[in-house]
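Visitor: Shown below is the structure under consideration.
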Amino acid sequence: MKNKADILIVGGGVIGSSIAFNLLNDGFTGKVMVFEKDRIYEFSSTPRSAGGFRQLYTTDINVQLSRFSLQVYKEFSKTMAIDGEEVEIDFKQRGYLFLATEKMLHRFEKHLALQHRNGVNSQLLEKQELLTIIPELNVEDLAGGLYCSESGYLDPYSVMQGYVKYSKKLGAEYVYEEVESLLTEQGQIKGVRLVNGDEYYAPIVVNCAGAWAAMLSEKANLPLPVVPLPRQIFQFDVEVPLEKYLPLTMDPTGVYFRHEGEKFIAGYAEEIEPKIDFSWRRSNFVENIWPILAHRIGNFEQVKVERGWAGLYDFNTKDHNAILGEYPSMKGYYVAFGFSGHGMQQAPAVGKCLSELIRTGKYKTLDLTPLRVERFAENQLVIEDAIY
């Protein structure tokens with residue numbers, strides 16, 4: 001039957017496609033269908049992300065997710081090659097740097113111990129040591145920084161396409177139509193209904209619809225505390241180039257910046273009402289980001305903004321972390337959203353672990369039960385202290 005499958009995945013971005021790839025790569029022999037409403041991924045959150053990849057987290061579970069994903073990304077271009085053609089994801093291990101004031105440094109010392117316990121090679125740098133990484137940095141108002149040389153940034157769109165293409169090679173079927181609602185019956189998922197009225201049936205549905213996921217779940221009376229939150233990113237150039245390529249650098253104010261090719265991108269977590277909005281405003285850069293950049297690096301006093309864009313976080317309002325696993329009151333309904341900006345970084349590990357949970361009923365590679373749906377009702381929140 002054309003409209004029948006073993007697993008339906010809603011959302012064909014990096015999370016949904018990683019799950020599809022891992023299921024089939026791990027030996028699942030059933031039919032997997034992926035529904036993606038945006039055929040060219042124009043408004044998908046994955047290609048609109050800043051592409052940062054870090055291990056400087058403050059909870060064991062997030063560090064473990066990143067550690068696993070790092071190993072995958074290091075080999076991604078080769079392992080995801082099709083017919084000998086490698087996937088270029090532009091993975092630059094130029095480091096991740098959190099700049100710190102005196103007040104922040106004590107907290108970073110605690111973070112360092114947790115990171116080291118999980119195998120992350122992070123280090124606390126003194127004020128003058130920061131200049132070995134960014135010679136032009138203004139360190140007057142800084143006390144030091146937390147640095148991880150293994151981290152860095154990559155091209156999110158290429159990673160996503162790598163997963164999409166390999167999933168199709170392994171037999172996943174992509175349907176480029178929008179899912180309107182979930183089909184349920186007496187506590188069991190039955191399938192999905194599309195906006196065009198077509199229905200598809202499977203005993204397992206995985207909701208990876210990102211910023212739209214909670215709205216879809218809510219329609220079936222399966223609520224989760226996730227909202228769409230716009231985040232603007234700006235690309236700019238400078239007159240005087242920097243001496244070295246930048247790590248992804250986080251200023252104490254929350255403004256981040258990094259190289260993008262020979263140019264730069266920057267953004268920050270602005271206070272904004274949840275909504276679906278893809279507009280960007282040059283004034284936002286001029287008023288809120290540029291003064292901080294110019295203060296931090298003299299070369300940024302003269303900049304030319306070339307373009308900007310906005311993408312959506314699937315923002316978990318309770319503890320800012322991913323929500324993963326089977327929904328307790330709906331058999332066969334799995335969720336993987338609420339990443340709050342960390343989906344790109346965690347996609348390889350989440351795909352692998354969700355594949356295990358769906359196929360075998362339990363996690364093997366990493367125990368992701370702390371990120372279960374039930375944690376909200378049980379008041380077992382996973383509080384991450386380094387959310388940007």
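Computed from the coordinates by the stated procedures, all read-outs in this text should not be read as laboratory data. Since we're looking at a predicted model, the values are computed, not measured. All Cβ positions, even for glycine, are placed from backbone atoms using ideal geometry, and neighbour counts span all protein chains on display.
Visitor: So for each of 311-322, 270-281, 353-364 I average, over its residues, the number of other beta carbons within 10 Å; can you give me the resulting order with the highest mean first?
Guide: 311-322, 353-364, 270-281
Visitor: Can you find, among P228, G254, I289, the residue sitting farthest towards the positive end of the charge dipole of segment 180-306, where Lys and Arg contribute +1 and Asp and Glu -1 at Cβ?
Guide: Going by the Cα projections, it comes out as P228.
Visitor: List the pairs from K78/K331; K318/K352; K165/K275; K4/K219; K31/K275; K168/K275 whose alpha-carbon separation is above 28 Å, in the order I gave them.
Guide: K78/K331; K165/K275; K31/K275; K168/K275
Visitor: Shifting gears a bit: Quick one: helix 156-169 against the long Cα principal axis of the chain, what's the angle to the nearest 10°, folded into 0 to 90?
Guide: The angle comes out near 30 degrees.
Visitor: Order of 155-161, 237-243 by packing, highest average Cβ count within 10 Å first?
Guide: Put in order of decreasing packing, that is 155-161, 237-243.
Visitor: Could you give the nm distance between label points at Y201 and H295, where each point is 7 Å from its Cα heading toward the beta carbon?
Guide: 6.2 nm
Visitor: Now for a separate question. What residues of segment 28-70 lie in the reach of a label at S181, counting those whose backbone N is under 13 Å from a point 7 Å from the Cα along Cα→Cβ?
Guide: Residues passing the 13 Å test: none.
Visitor: Can you tell me the length gained on complete extension of the stretch M215 to Y363, counting 0.36 nm per residue apart and subtracting the Cα distance?
Guide: Stretched out fully, the M215 to Y363 stretch lengthens by 50.6 nm.
Visitor: Another question about this same structure. To test your reading of the geometry: what angle, between 0 and 90 degrees and rounded to tens, separates the Cα axis of helix 343-360 from the longest principal axis of the chain?
Guide: For 343-360 against the chain, the angle is about 30 degrees.
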